[in-house]
Amino acid sequence: MSWLINNLGYTEDKTAHNGSKFLIGNGYMGYRGTMDEHTKEQLVSCVLAGVYDKVGDSWREPINAPNGLFTTLNCDGEVLTVQSSQLEKHEQVLDIKHAIHTRETIFEVSNGNLVHLKSDRFFSLDDIHLVGLQLTFSAVQDCTIVIETGIDGDVWDINGPHLSQLATGATNGIIHMSALTQEMGYQVAVSEAIEIDFAAKQQIITAPQSILRQITVEATAGEEYTFNKYVSVFTSLDSVEDAGHAAQLSCHNALKSGYDTLLLNHKQQWVKYWEKADISIVGDDDAQLALRYSMYHLLVIAPHSEKVSIPARGLSGQVYKGAVFWDTEMFMLPFFVYTNPEIARRLVKYRCHTLGGARLKAIEYGFRGAYYAWESQDTGEDACTLFNITDVFTNRPMRTYFRDKQVHISGDVAYGLWKYYTLTGDESILLDGGAEVILECARFFYSYAYFNKDKNRYEILDVTGPDEYHERVNNNIFTNQMVKYTLEVALQTLDLLERKYGEEYSKLINQLNYQADIAHIHEMNELLYMPQPDSESLVIEQFDGYHKLEDVNLKELKTRVIHPNEYYGGGNGIATSTKIIKQADTIAMLNMFKNNYSHEVKKANWSYYEPRTEHGSSLSHCLYSLVAADIGNAEWGYKYFMKSATIDLTGESKQYVGTLYIGGTHPAANGGAWMSAVLGFAGVNANEHQILINPKLPDKWESIAFNLSWKGQKMSITITKLAIVIRADRTNTATLPFEINGEAIECQTGQELSLNFHYDRSII
Ligand code: BGC
């Protein structure tokens, strides 16, 4: 029950939302939850992770492969589609345990016949190029069914068309289509094979943008007809000599293996994913399903290559240019670090591969080191434009400073890398490009900082923090803390390399010509200004001068809205001159640096900023949930947790900024839901030395149970209202050090410890 998402009936206006909600994929590609008969009109999309293209002056974005799953049914001359036919039944189901999408429809034909159609599809996790589709149909009365199935090359593009020189063909029963991307000339090849075991007439029909099989069946009333389809996708970015040949070969092999075997192999890989990641919550079925659904969305888009990271809208389309933001490091990475370090490593390595782009960006703005792209694609050059929003009133491009001023991105990259290293213990990442990234980020901040001679301190001026409604501010607390953290980890990196890897250390310092920077970083780390909590209110001012802004409440602010999609920030946005913030900013900082601040400071800031936060970004809710849990109020946090965990189920999120469509899935919120549950309510707070557990379960939750990986050791943890049970895996090679109830506790390999735990409700 808690593994299935379903939707009954078909309504056209839900097509876009359900496309995202029922997304399947395998990290190599993502496929929206559209119907077999759908086309680009219904936003069918088979996005290829990490394959980008630019047409003319339009935005660069990931490409959609030709749709090899396209299939329509025609009964006695009548085309059957969910959008045009009468439906007796229609159901869409997503099995999140195995990433299988099912649709079942009973079409009412005008002549009174009923045609039943069921199809299952999966994007193999065992062979990431392969897709399987099993389609079954039957009719209540004898009839002629004509199926058209094959490859539709007329794909949905936001800033396309990206596919040029479409070529089709049929070889040994396999149909295929190949195209070249416009900018780089990458080859994209799709092949399709079919397995039919019933009598039918078949022919192949080619059109300029499609190649389809036409299959005619004289269907007997009540009889079920089933066929299997295998689709394979390769591009010239894959390590194959000829993408077209590889795709055809893959279809041949699929025919040999057969549907059941391929499906089984796929399912087995998902079982492995869940063995590591699953969380069980007793007492709250809604939270259970929403949390699993969130983790599903992270797993279904988890990359297989270290040259690819996770875009802000996952693989749910070309939205947001398929760009990778700070979302990955700060919101998604923790889930992978704690449950699947192998995938986490790829995400971290992506930033090593894109260091070149970050260096170019620093140079472009007159700085040194690495200034990471606000919107990163394959090369790390910044895809974010200077005029990233169109004003809904004038229809003119609006100058935004996301690209120029969100310098915290380089701190986020360093933060993610260091968390990965300390929590997995994988030192090799530092030698494998990670140290260089950290040092270059620190160097960037030194060159960006302003030394205020009068006050004898470094300041970080003219930045935009996570709250994008207030651009170009000074000493944003989130940014200053991220800068400080970067400097600290740079010094720790230098220390570690020098102590343990002398040769590599000298090589790197020489190669980067870093000698003078070491002294700079030491000095700046000592003298960096950090805004402090006010001595009376304990509130930390989000940036210099924030307190001088108009203190309007959110309800009042919203009465000033003129257009439903108007942008609240920018030069004359309604929030710009007020204290209303777009998303967690000081609160984000208090979560990242929770160990540096007292309970009272966290509580005072939560209470102050919460009513002033619009949550105009899906990244915001989880941070309020995390800090609420941290200060002992799980109930305050629960509603924010649920908002984060259900965002893609309900579709309740911003769809437009200005004229820009930003719909799709929300992997950062998905990762945020995981963080809220495990790092928030279960209270896990690990560092390189130990794992602290300090749970604050919401009232409804009788228990939560999950697995964690830490420094190569595995454990399972069950938390009830009264006890914490820890099981150290039998394969562990080291004792696990915990701190629970303020007490240090060790758990030996294979040992199970049950500790009484008294949740202190008085702390609020
Ligand atoms: C948020 C950013 C976020 C981006 C992508 C924006 O609306 O303000 O913090 O990185 O969306 O999710």
Scan region 46-59 residue by residue and report those that are assigned to a loop (DSSP other than H, G, I, E, B) and in contact with an Asp or Glu (Cβ under 7 Å, 6 or more places away or on another chain). LYS54
So which of PHE451, PHE367, PHE402 ends up being surrounded by fewer than 23 Cβ atoms within 10 Å (Cβ to Cβ), modelled with pLDDT of 95 or more and within 16 Å of the ligand (Cβ to nearest atom)? PHE402
Considering only region 310-344, state which residues are surrounded by fewer than 21 Cβ atoms within 10 Å (Cβ to Cβ) and either of a type in the set (D, E, K, R) or out of contact with any helix residue (DSSP H, G or I) (no Cβ under 6 Å at 6 or more places or on another chain) (or both). GLU342
Name the residue that is farthest from TRP701 (Cα to Cα), counting only residues in region 627-647 that are open to solvent by less than 10 Å² (accessible area, probe 1.4 Å) and within 16 Å of the ligand (Cβ to nearest atom). ILE647
Flagged in region 659-674 as surrounded by fewer than 24 Cβ atoms within 10 Å (Cβ to Cβ) and either within 17 Å of the chain's Cα centre (by Cα) or more than 12 Å from the ligand (Cβ to nearest atom) (or both), in numbering order, are THR659, TYR661, ILE662, GLY663
When residues of region 235-255 are filtered for being open to solvent by 20 Å² or more (accessible area, probe 1.4 Å) and closer than 17 Å to LEU48 by Cα, how many remain? 5
Looking at region 693-703, is at least one residue open to solvent by 10 Å² or more (accessible area, probe 1.4 Å), touching a strand residue (DSSP E or B) at 6+ places or on another chain (Cβ under 9 Å) and among the aliphatic types (A, V, I, L, M)? no
Scan region 183-212 for residues that are out of contact with any Asp or Glu (no Cβ under 7 Å at 6 or more places or on another chain), assigned to a strand (DSSP E or B) and not β-branched (Val, Ile, Thr) and jot them down. GLN187, ALA189, SER191, GLU192, ALA193, GLU195, LYS201, GLN202, GLN203, ALA207
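What helices (runs of 4 or more DSSP H), lying completely within region 352-440, carry at least 2 residues that are over 28 Å from GLY570 (Cα atoms) and in contact (Cβ under 8 Å) with a residue 24 or more places away in the chain?
Ranges flagged: 355-364, 408-424.
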Hey, can you tell me all the residues within region 1-17 that are modelled with pLDDT under 95 and open to solvent by less than 50 Å² (accessible area, probe 1.4 Å)? SER2, THR15, ALA16, HIS17
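The values are calculated or read from the model by the stated rules, or taken from the named source; none is laboratory data. What you see is a predicted model, and the numbers here were worked out from it, not measured in a lab. Positions of Cβ are backbone-derived with ideal geometry, glycine not excepted, and every protein chain shown enters the neighbour counts. The area values use the complete protein model at the heavy-atom level, side chains included, leaving out ligands, DNA and RNA. Shrake-Rupley method; radii C 1.70, N 1.55, O 1.52, S 1.80 Å.
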